[in-house]
Amino acid sequence: MKRILPSLFFASLCMGISAQSNTKVTINPSKTYQTMRSFGASDCWTAEYVAQYFSDTQRQNAARWLFSSEVDAQGNPLGIALSQWRVNLGAGSSTQGANSNIDDETRRADCYLESDGQTYNWNHCPGQQWFMNQAKTYGVNDFLLFSNSPLIYYTTNGLANNKSNAAGSNLGAAYYDDFSEYLAECVKHFTEKGYPITYIDPVNEPAFNWTDGQEGTPWQNAEVSKLVRELDKSLTSRNLSTQILIPEASSWDRLYQQCSDYNGRASNQIEAFWNPAHTDTYIGDVAHLAKIAAGHSYWTFRTNDDLQNIRSQVATKAAEYGLETAQTEWSMLDAEPSTEAGFPASYDAATYMDIALYMGKLIYSDIVYANNTSWSYWTAMAQEKWNQKNRFYLLRLIDADDTDGGESYGDIRKGGTIEDSKSLWVLGNYSRFIRPGYQRINLEASNLGLNGLMGTAYLSPNQDQIVCVFVNMGYTRRNFSFDIDGYSISHIDTYTTSETQNLEHASYAADETFNVAKGTVTTVVLSISPTAGIEHLTIADADTKHTADDAVYTITGQKTGTSLQSLPAGIYIKQGKKMIIH
């Protein structure tokens, strides 16, 4: 017998081989959280080398994996469709060679200003610009330019790092306006070239000493504030809409508390920059300053307590000043996560999927507890060294001299090959499907937890999709059912990343069941339509409302008669009310 049902959908997620118990997943689209802006990655340090020295086939593969939203004949994604590309504005250390105080040549960077300090040469950094163009061609419309150090022409020691271990910025006191003019001119140039430069970040991880190894400088909060005000003037004079993003704190706790390390430098930064009481550092009134507190997830991800508590404090402090939060840089620095947090006993014991799975857990935590609207990885492409596996890349660079696929220490100027990684595809479980403008909505279920199943849900702007991302670190053999308030589901697509799968696609009818295994990240895309105003009736209820002159109409207005029992499945109108018959 047919039943006239409400606009609810019940589907099973079988966790393992045979279901033992049931968990009801309730999604309430009317209970909303942050609106997502982007998922991204950085071009540091190797994009310049890949585009210049690797074959066209290899670099095209890299661009497709990072930026494409296309699928193959089976519906499997060909790439992870990053929606933000974070581009380094180098300080010119590459022109200094061995005198740069940077041993690793790939970590030296060029700039667009010639040594005379006056002439711009936009032919510099051709590799970075090649990837920028690929990102734009694939549809990326959010570019973030960031600086690790002021130009070598403007620093007090003539280097792109703090070799002298000064307590404050390496930017000379007389060059704040010059450096700001340079940054704004870069924004202007690339904007005119058709790149949507959404953000410019003039400082990066200002707490560290940055004495060697790469470009970088420390910054005191007052120095950051001074630079932001100068940069605002430079952007305004060019009539640019690009926003200034700060402070890209090296760890979340530096945003909300005073830290003792590095002499307390660059800490308690939300208060410093957005509380008017701090008159020497307040910049909340700066026109171009984004109302976003940007930080990095380094050093705060090893335990479940840190994943939840530190990030919750970030969200609370940001909310005091009406700020969004953005995670702009992470890779798996620090010691391995604890076994209590579900990670293997050591990095040696961890598989590539273990590392990627834990990243999925971290992204979940940053979004749910820190309330991030944007999440970005560091770095997009790198060689695999020192048994680090995929801790520091999305795409692995294998130099031409590495003939056995082992650890790679060779010169990437000789070219080589590029491989995708599990980290790439797990990030894709988020980036490929949660597009700019999707809003996180309430998802509730019993038995959710950081060492078991984690799930988030997102509603598309036109309300025709709900995207759910499940990170399954523990649960097996558990049935799931969806109850979605106000919507019916017409179709289901899943995309699974596991030890053997890379966003592998499967398609299901609304009433089919499917499996989500332990140790996987699965994106569930629910095709939906709103059902507000559709009445929930049983057959008995409907029959009592029937009279001989009660006409039933199709959704297009065609009269079908008066018998609900004889109608095929569909949406109908009776007595001014819509009903679904399944």
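Some observations on this one:
- Among (1) touching a Lys or Arg at 6+ places or on another chain (Cβ under 8 Å); (2) more than 21 Å from THR494 (Cβ to Cβ); (3) surrounded by 17 or more Cβ atoms within 10 Å (Cβ to Cβ) - the single one ALA457 does not satisfy: (2)
- Test for GLY172: is it assigned by TED's automatic domain parsing to the domain that holds ASN88 and more than 26 Å from TYR49 (Cα to Cα): yes
- For the stretch 7-26, the criterion of being modelled with pLDDT of 95 or more and surrounded by fewer than 20 Cβ atoms within 10 Å (Cβ to Cβ) is satisfied by no residue at all.
- Of the criteria (1) touching a residue at least 12 places away in the same chain (Cβ under 8 Å); (2) surrounded by fewer than 22 Cβ atoms within 10 Å (Cβ to Cβ); (3) more than 25 Å from GLU181 (Cβ to Cβ), which one LEU289 fails: (3)
- Evaluating PRO247 against the criteria (1) part of a loop (DSSP other than H, G, I, E, B); (2) buried (at least 22 other Cβ atoms within 10 Å of the Cβ); (3) of a type outside the set (D, E, K, R) leaves one unmet condition, (1).
- Any hit, the stretch 94-107, residues being under 24 Å from TYR199 (Cα atoms), surrounded by 23 or more Cβ atoms within 10 Å (Cβ to Cβ) and in contact (Cβ under 8 Å) with a residue 24 or more places away in the chain: no
- Qualifying residue in the stretch 113-135 (condition: assigned to a loop (DSSP other than H, G, I, E, B) and touching a Lys or Arg at 6+ places or on another chain (Cβ under 7 Å)): no
- The residue of the stretch 298-339 that is surrounded by the most Cβ atoms within 10 Å (Cβ to Cβ), among those that are farther than 23 Å from TRP378 by Cα and of a type in the set (D, E, K, R), is LYS317.
- The stretch 340-356 - residue that is assigned to a helix (DSSP H, G or I) and touching a Phe, Trp or Tyr at 6+ places or on another chain (Cβ under 9 Å) and, of those, surrounded by the most Cβ atoms within 10 Å (Cβ to Cβ): ALA356
- For the stretch 255-269, the condition of being under 30 Å from LEU448 (Cβ atoms) and buried (at least 19 other Cβ atoms within 10 Å of the Cβ) holds for at least one residue.
- Per-region count, the stretch 146-179, residues in a helix (DSSP H, G or I) and surrounded by 22 or more Cβ atoms within 10 Å (Cβ to Cβ): 1
- Residue ID - surrounded by the most Cβ atoms within 10 Å (Cβ to Cβ), chosen from residues in the stretch 50-73 that are touching a strand residue (DSSP E or B) at 6+ places or on another chain (Cβ under 6 Å) and under 18 Å from THR497 (Cα atoms): TRP65
- Scanning the stretch 418-444 for residues that are over 19 Å from the mean Cα position of the chain (by Cα), more than 15 Å from LYS389 (Cα to Cα) and buried (at least 17 other Cβ atoms within 10 Å of the Cβ) yields a total of 1.
- Considered as a group, the residues in the stretch 462-493 that are more than 16 Å from ILE27 (Cα to Cα) and in a loop (DSSP other than H, G, I, E, B) include one that is farthest from the chain's Cα centre (by Cα), and that residue is ARG477.
- Residue in the stretch 196-229 that is surrounded by the most Cβ atoms within 10 Å (Cβ to Cβ), counting only those that are touching a helix residue (DSSP H, G or I) at 6+ places or on another chain (Cβ under 6 Å) and over 24 Å from ASP261 (Cα atoms): ILE200
- Tally, over the stretch 269-303, of residues that are within 24 Å of the chain's Cα centre (by Cα) and assigned to a loop (DSSP other than H, G, I, E, B): 8
- Leading residue by the ranking (nearest to LEU424 (Cα to Cα)) among those in the stretch 494-529 that are in a strand (DSSP E or B) and touching a Gly at 6+ places or on another chain (Cβ under 6 Å): VAL521
The values are calculated or read from the model by the stated rules, or taken from the named source; none is laboratory data. The structure displayed is predicted, hence computed values, not measured ones. Note: ideal-geometry Cβ built from the backbone for every residue, glycine included; neighbour counts use all protein chains shown.
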